[in-house]
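The values are calculated or read from the model by the stated rules, or taken from the named source; none is laboratory data. As the structure is a prediction and not an experimental result, all values here were calculated from the model. Cβ placement follows ideal geometry from the backbone for every residue including glycine, while neighbour counts extend to all protein chains displayed. Heads up: the accessible areas ignore ligands, DNA and RNA and are worked out on the full protein's heavy atoms, side chains in. Shrake-Rupley method; radii C 1.70, N 1.55, O 1.52, S 1.80 Å.
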Amino acid sequence: MTVTLRQIEYALAVDEAGAICAAAKALHVAQPSLSQQISSLERSLGVVLFERTATGTSTTPAGRAFLVEAQQAMRAVERAREVAVQAAASTRKDIVIGANEMTPTLWLAKSVAALRASAPKLSARVVNFADAESLVEAVRSGGIDVGVGPLHASSWRERKHRIGSLELGMAVPHGSSHSPTAPVPAGDLGAQDWVACPSNAPVLTELRKSIGDTRTDDPSAASLSAAVSYVDAGLGATLVPSGYALPASLDLVPIDPPPTVDVFAFALRGTDAVTFNRIAREITAHGTAP
């Protein structure tokens with residue numbers, strides 16, 4: 001036996017109207033279609049619900065018994081619908097943001113705080129990556145919802161939004177020959193010892209190439225924070241984003257002209273567009289902060 005909600009709704013309407021033609025008008029359906037649905041319902045139940053008369057319909061005892069339960073069923077369906085809508089409205093959406101460590105922590109902290117304030121149902125957490133390639137692969141595999149960091153824009157054909165250009169400076173031990181208050185000309189860095197890491201190696205290579213520095217024997221660290229520790233140990237200088245939180249023992253020296261990297265928010269094309277655009281807007285808004 002198959003009874004549909006539409007058939008129950010139609011039977012309740014016929015009982016209330018007292019005639020199939022009046023019920024059809026109230027339901028905005030054709031009378032033959034309504035009659036067919038009522039007949040199909042009666043065949044499924046194996047009982048007659050309505051006696052057809054010259055003046056309309058009268059509900060049979062079997063029909064009255066059925067309609068009592070039918071009304072309760074329709075109320076239960078309505079309650080179920082309301083509960084489902086409320087549950088959907090209260091469900092938090094968890095978003096994982098992957099950030100290359102070149103992306104300033106302050107950008108992300110302010111952006112996540114703004115997201116939580118403007119979209120309480122959006123729960124965002126940040127996972128850090130030491131190099132751009134690992135972040136791209138994590139986004140591509142679906143492990144990360146939205147990536148934030150340097151990106152070769154032409155190689156990413158999914159969703160992307162340019163946040164802006166990130167200027168880099170030189171982290172050096174406090175008291176070195178370079179002053180944090182005066183930019184050092186890039187051309188004066190030919191003899192500078194460097195510490196590279198996966199996240200700053202591409203831009204450091206470009207900087208050294210531009211000043212004719214072809215050395216390749218500098219120490220290499222596994223991450224930007226490790227590179228900073230190497231600098232603190234006196235092994236050279238490294239490139240960090242302007243505003244990077246350095247220990248008190250190190251200075252951030254500007255370079256003229258400053259090395260820059262383009263930072264993007266990027267995701268798979270299947271990522272919800274509204275969520276992606278909201279995240280991209282927040283990071284862009286805070287990405288201009290010093």
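Yes or no: region 260-280 includes at least one residue that is in contact (Cβ under 8 Å) with a residue 40 or more places away in the chain, part of a helix (DSSP H, G or I) and closer than 17 Å to Asn100 by Cβ. Walk me through how you get there before you give the answer.
To start, the set of residues in region 260-280 that are in contact (Cβ under 8 Å) with a residue 40 or more places away in the chain comprises 260-269, 271, 273, 275-280.
Those still in the list that are part of a helix (DSSP H, G or I) too: 273, 275-280.
Narrowing the set further to residues that are closer than 17 Å to Asn100 by Cβ leaves 279-280.
Looking for residues that are in contact (Cβ under 8 Å) with a residue 40 or more places away in the chain, part of a helix (DSSP H, G or I) and closer than 17 Å to Asn100 by Cβ, one finds at least one in region 260-280, hence yes.
Could you check Ser177 against (1) without any contact (Cβ under 8 Å) to a residue 12 or more places away in the chain; (2) crowded, with 21+ Cβ neighbours inside 10 Å and say which number it fails?
(2)
Scan the strands (runs of 3 or more DSSP E) fully inside region 51-148 and keep the ones with 2 or more residues being open to solvent by 60 Å² or more (accessible area, probe 1.4 Å) and not aromatic (Phe, Trp, Tyr). Give the derivation first.
Values: elements: 57-59, 93-100, 122-129.
Counting at least 2 such residues, we get 93-100, 122-129.
Are any of the residues in region 35-49 open to solvent by 80 Å² or more (accessible area, probe 1.4 Å) and more than 30 Å from Lys121 (Cα to Cα)?
Step one: of region 35-49, the residues open to solvent by 80 Å² or more (accessible area, probe 1.4 Å) are 36, 43.
So of that shortlist, the ones also more than 30 Å from Lys121 (Cα to Cα) come out as 36, 43.
Scanning region 35-49, I find at least one residue that is open to solvent by 80 Å² or more (accessible area, probe 1.4 Å) and more than 30 Å from Lys121 (Cα to Cα), so the answer is yes.
How many residues, within region 217-252, are without any contact (Cβ under 8 Å) to a residue 12 or more places away in the chain and either part of a strand (DSSP E or B) or open to solvent by less than 50 Å² (accessible area, probe 1.4 Å) (or both)? Steps first, please.
So the first thing to find is which residues in region 217-252 are without any contact (Cβ under 8 Å) to a residue 12 or more places away in the chain, and the list is 217, 229, 233.
So of that shortlist, the ones also either part of a strand (DSSP E or B) or open to solvent by less than 50 Å² (accessible area, probe 1.4 Å) (or both) come out as none.
Final tally of qualifying residues: 0.
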